[in-house]
Every structure is written in C-alpha cells, then in structure tokens.
Amino acid sequence: MPTPEAPHEASLSDKTLREGIAQAADDAHLQSPIETSSLRKTNLGLGSSFVCLREAKPTAGKPSSPYSVFYEGDTFKGARLSAISEECERQAYVPTEKVDLQAAKLKGCATPDKSCAPARRS
C-alpha cells in the first residue's frame, strides 16, 4: 500500500536540516561534494522523516553507499547506512548546497505507485 503524500513538516527548520546533513556526512567520513534527496516521511528508523545522503563523486574502486539522515520535528535524530526499504538508490539527488527546506518538502514516496517504506508491523 503506497504511503500517502505527506504534508510539509513545518517544525523542521532549514538550519536543523543542514546541520543534520553536515553531521551525518562528517560522521560517515563522506568526501565533498555530497548530495541529498528530498525529505520524506517514514515510519521506520530513528525519526518520522529522513533524507538520503551520498557522495556525489565516490572514489574509484570504492562505491559510495547511501545514508539515511533522520529528523523528528526540528531535531536531528541520527544517521545510518540506508536500508533497502528506504529506496535511497532510486532517489533523485541534488547538490547539498542547493538543499533548502522549501525545496525539500516531504514526499510520500519515490514514485506514485511505490511506497517509500513498508508499514511498521505491530
């Protein structure tokens, strides 16, 4: 069942979005330039929304694995290597310096017919 289109998360500030991305990139030792996807809702992981993060130009012979950067409200919650269910490999990425909260409105899923993450099971 597809994840419905999510409303804009008004409580997440541009500053928190950028600081979380920078902290995650630093913790993962990613080399600049880095890229991020749109902010999306999730019911799995460390928070209720996340962006995918990766190196724009990975070192030859060392593929760049995507990371998921999680937020809850206006709080950066942490980052980890992306899970398959987050579909970070299928996302459209933009250079991080072009990321702003206005452009990163929450999206329900990567494609209209595909959910971003399966529903959490009780």
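No lab work stands behind these numbers, since they all come straight from the coordinates. Since the structure is predicted, the reported quantities are computational estimates derived from the model, not experimental observations. Because the Cβ atoms are built from the backbone with ideal geometry, glycine has one as well, and the counts that use them run over all protein chains shown.
Observations on the model:
- The gain in end-to-end length when the residue 46 to residue 59 segment is fully stretched comes to 1.8 nm, 0.36 nm per residue minus the alpha carbon separation.
- Rounded if a/c under 1.5, otherwise prolate or oblate - segment 49-100, Cα gyration tensor axes: prolate
- Averaging over all projection directions, the Cα-based convex hull of segment 14-98 occupies 5.1 nm² in the image plane.
- Net charge over other residues, Cβ less than 14 angstrom from the Cβ of residue 25 (K, R count +1; D, E count -1): -2
- Annotation: extensible slack from residue 97 through residue 27 equals 23.4 nm (criterion: 0.36 nm per residue apart, minus Cα-Cα distance).
- Stretching residue 90 away from residue 16 to a fully extended chain increases their span by 24.2 nm, per 0.36 nm per residue minus the current alpha-carbon distance.
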